[in-house]
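What follows is a single structure, written as structure tokens, with notes after it.
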Amino acid sequence: MKSTKRIELVIIDPQLDFCVPDGTIPGVKTGRLLVPGAYDDMLRLSKWLKLNRGKISDIHVTLDSHHLIDVAHPKFWVDKKGKNPLGIGAAIAAGQAPTIISRADVENGIWTPFHPSLISDMIAYTSALEVGGKFPLIIWDEHCLIGSPGASIVFELMESLNEWCSERGAIVDFVTKGSNYSTEHYGAFSAEVPDASDPSTQLNTRLIKTMEEADILVWAGEAATHCVLNSMRQAFENFGIDSIKKSVLLIDAMSCIPHPDNIFEKAFKDFVDEFKQKGLKVEKTKDFLL
């Protein structure tokens with residue numbers, strides 16, 4: 001029996017580069033920005049979706065979609081010796097701190113964009129991040145490159161999504177984000193610093209309007225500390241207290257990107273604690289049946 005309530009599932013970036021360690025699929029490069037625990041998260045989510053698919057009205061799946069040359073990828077930047085920074089995974093593996101680039105770093109030539117004509121743009125960009133209270137510009141390992149295997153959805157989850165489509169005669173709402181090389185795009189609804197000339201970076205009012213109509217919003221995906229957190233915060237900022245009270249976070253269907261000082265994990269915990277007090281529900285997949 002179908003639910004009389006409108007229940008929408010939001011899955012953030014369930015892609016191979018975040019979820020599946022390299023070497024798992026013969027001949028296919030994956031796990032470029034591996035989130036520990038993410039593959040198991042997606043298996044749990046896939047099982048949950050199979051059990052509940054008859055009651056879900058709509059499914060939104062965001063897809064991180066980047067160019068090789070991207071403001072948050074190593075090849076975009078060079079230091080005074082002409083060397084690229086390491087991505088966060090490579091940096092931690094080498095015993096180094098992740099590379100964070102501030103406005104002062106760009107102004108002082110500590111880090112320079114690959115093309116000198118972009119210096120003024122990058123001063124403006126890093127300044128906008130700082131003034132807006134956004135995450136600072138951190139350099140990630142190259143991931144979810146457009147057209148690459150790593151940008152694909154975890155196979156088991158894709159199977160569950162297709163079963164939902166077949167049973168309901170419905171279409172998954174795939175939402176791509178991140179293809180503008182000059183701005184980060186963590187959240188589902190808009191880039192960190194929207195580009196006035198690029199509608200794909202600006203507020204996705206269509207997605208907001210659709211989700212406003214839901215009675216229950218179920219959130220899952222990767223990574224909890226970044227794209228899930230930012231997507232939920234954008235939702236709460238753009239359609240208010242009701243979106244918080246009708247939101248359910250599947251805590252075992254997402255994982256945190258680790259940081260040597262635990263700052264990412266702490267930010268996510270603080271976010272959850274803050275919004276639980278405002279009505280956000282936190283559930284495990286095995287306990288939350290529709």
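Bear in mind these aren't lab numbers, they're just calculated from the coordinates by the rules spelled out. These numbers come from a predicted model, not from an experiment. Ideal geometry is used to build each Cβ from the backbone, glycine not excepted, and the neighbour counts take in all protein chains shown.
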Open item on the list: Can you sort PHE288, PHE174 from fewest to most other Cβ atoms within 10 Å of each residue's own Cβ?
Closed with: PHE174, PHE288
Open item on the list: Compute the helix-to-body angle for 229-245: its Cα long axis versus the longest principal axis of the chain, expressed 0 to 90° and rounded to tens.
Closed with: 40 degrees
TODO: In Å³ and rounded to a whole number, note down the convex hull volume per residue for the Cα atoms of the stretch 154-285.
DONE: 137 Å³
Open item on the list: Counting other beta carbons within 10 Å of each residue's own, what order do THR225, THR99, THR24 fall into, fewest first?
Closed with: THR24, THR99, THR225
TODO: Counting helices only, and only those DSSP H runs with n ≥ 4, report the 222 nm mean residue ellipticity of the chain as the sum of -39,500 (n - 2.57) divided by its residues, in deg cm²/dmol to the nearest 500.
DONE: -10000 deg cm²/dmol
- [ ] Taking the Cα centre of the stretch 1-102 as origin, sum charge times position over the Cβ atoms of Lys and Arg (+1) and Asp and Glu (-1), and report the length of that vector in debye to the nearest 20.
- [x] 260 debye
- [ ] Sketch the reach of a paramagnetic label on ARG168 as a point 7 Å from Cα along Cα-to-Cβ, and name the residues of the stretch 51-90 whose backbone nitrogen lies under 13 Å away.
- [x] 51-61
- [ ] Just tell me which lysines come within less than 21 Å, Cα to Cα, of LYS246; anything on the same chain fewer than 8 places away is out.
- [x] LYS2, LYS5, LYS55, LYS209, LYS269, LYS276, LYS278, LYS281, LYS284, LYS286
TODO: Rank the residues TYR186, TYR125, TYR181 as a footprinting-exposure proxy: fewest other Cβ atoms within 10 Å of their Cβ go first.
DONE: TYR181, TYR125, TYR186
Task: Only Lys, Arg (+1) and Asp, Glu (-1) charged, at Cβ; the chain dipole about Cα centre in debye - done: 540 debye
- [ ] Just the number, please: Stokes-Einstein D of the chain in µm²/s, Kirkwood Rh from C-alpha pairs, 25 °C, 0.890 mPa s.
- [x] 125 µm²/s
Task: Given charges at Cβ of Lys, Arg, Asp, Glu: the stretch 127-187 dipole, positive-most of SER179, ALA128, ILE139 - done: ALA128
